[in-house]
Amino acid sequence: MAGRRSAPRSSRPFDRGRLSTGQWVACVATALAIIASLGGYGWYQGIVGNITTHQVDTDAWDRPVSVEGVMNLLIIGSDIRSGENADYGEAEGERPDTMLIASINVDSGTATLVNLPRDLVVDLPGCEPAEGYEGMIPQTAMLNSAMTFGGIGCQWNTVEQVTGVHLDHFVMMDFTGFKDMVDAIGGVEMCIPAPIDDPKAHLELDAGLQTLDGEQSLGFVRSRYGQGDGSDLSRIGRQQQFMGAMLRGVLSSEVMTSPVTVTNFLGAVTDSISTDEDLTVDTMTDIAISMREVDLANVQFLTVPNGQSPNDANRLIMREPDASELFEAINAGADLTGGDGEDEEEGSGDSGGDGDAPDPSEITVDIRNNTGISGLAAQVQGELETEGFVVTNTGNPGARFPDVTTVYHAPGQEAAASVLADALEQAVTEEAEGLGADLELVLGADWVGVAGSGAAESEASVTEDLGGITAEAAEDSPC
């Protein structure tokens, strides 16, 4: 997908917003916009001067072509365990704990954030040794290992070669910086469907709607073994929910109208992020001025299409041709947020004319993975949520282990079970004692997939089949 030298980028100012891309820190861009609109440029410039920058020679490799009107950022949550981050355990070297491509379509004002699982196995390009790094030969390994051997330049090169997406800049934050950023805005309100106890992530939470402080938020986005099926994909789903909640929090009037909160937030961010040298104050200022308003419906989260590696059940590979089609659409500047209502006409004839059948939005589902395919429950969660269902939990089976995909329901929930079963390519329904309001979907060895809506006919709806959710949609919860 890569191999072409980057075309010159237009010098015109941004129309809607670039770094909002940081929408990992869409937060950051929006807060910067507030400062710019208040006219505090000198003070703002001083704060941005706290950012650590790295020199990356992007001329050292052949790059994908840059497309005018599109800006892509590589967003990295680093797991380096030195300094203040040493409290979070020991890890060999520095590698991304979280990594995503944040793509801003300047003309349409939309943002798409594509998570790249750290368990993803890819063909890594060779990287020359650099100061503090030994370099590496071309090899097949986990995507995030490139940084360990060659630093941020090697990781940047690797992501471009693997995806074919031209990356304009990178933004990296460590554990402590993330925690301080959350605390600066007074925490993030999250719905916790079930109690969590994950000693490895330093996290213990009761169920229910609550405001997570920085330490709890860090544990929530890092938690892997105390929630869901223990996969990286399940964890990514929770991270996407958290980013949506954080974005809504930053855009709330309580944050935006408080100079003290904005100051603390910007200080926490700029003290702890690293960027490339070309992400200048002037560039950030253009971004800030253009990002006075963020439409949550135009901020979308999804995970690169993937499947289980044939060589290692604990690793993932990109699913083709879906992954290539997604990245090509991103690099071409396609609007991936989808059209209004187009996906509802074709795919939701499941319940026919039965007026007693509940709407998917009224149906809550607990997904259990009995297939042996790591991360499948989290993938299905995204697909069902796209169809309108409310998923309250995911994980491995605890009581029922059918060979065929089965929708279990309590007495009196036959209609809801039928609606869910009809939304799947193939499934049977069965009454089970001891269930509450939630249906229990157990994925069996015959699992084929969610029936979907056939939305792939439109380039604008590429992500609908991939379980993408918007920051606005992420607000819905069972709490």
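Data table
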| read-out | value |
| --- | --- |
| Computed over region 99-199: relative contact order in percent, which uses C-alpha pairs under 8 Å that are six or more apart | 16 |
| Reduced Cα scattering model of region 134-222, Debye log10 I(q)/I(0), q = 0.21, 0.22, 0.23, 0.26 Å⁻¹ | -0.93, -0.97, -1.01, -1.18 |
| Of all accessible heavy-atom area on region 117-166, the percent that carbon and sulfur account for (1.4 Å) | 54 |
| Ile273 long-range amide H proximity, modeled H, under 5 Å | Thr52 |
| Probe 1.4 Å, protein heavy atoms only - accessible area per residue of region 180-252 in square angstrom | 35 |
| Segment Ala60-Glu320, length gained on full extension (0.36 nm per residue, minus Cα span) | 90.8 nm |
| Net charge over other residues, Cβ less than 12 angstrom from the Cβ of Asn264 (K, R count +1; D, E count -1) | -3 |
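The values are calculated or read from the model by the stated rules, or taken from the named source; none is laboratory data. Remember, it's a predicted structure, so these values are computed and weren't measured experimentally. Virtual Cβ from ideal backbone geometry, glycine too; neighbours counted across all protein chains shown. Keep in mind that these areas ignore ligands, DNA and RNA; they rest on the heavy atoms of the full protein, side chains included. Shrake-Rupley method; radii C 1.70, N 1.55, O 1.52, S 1.80 Å.
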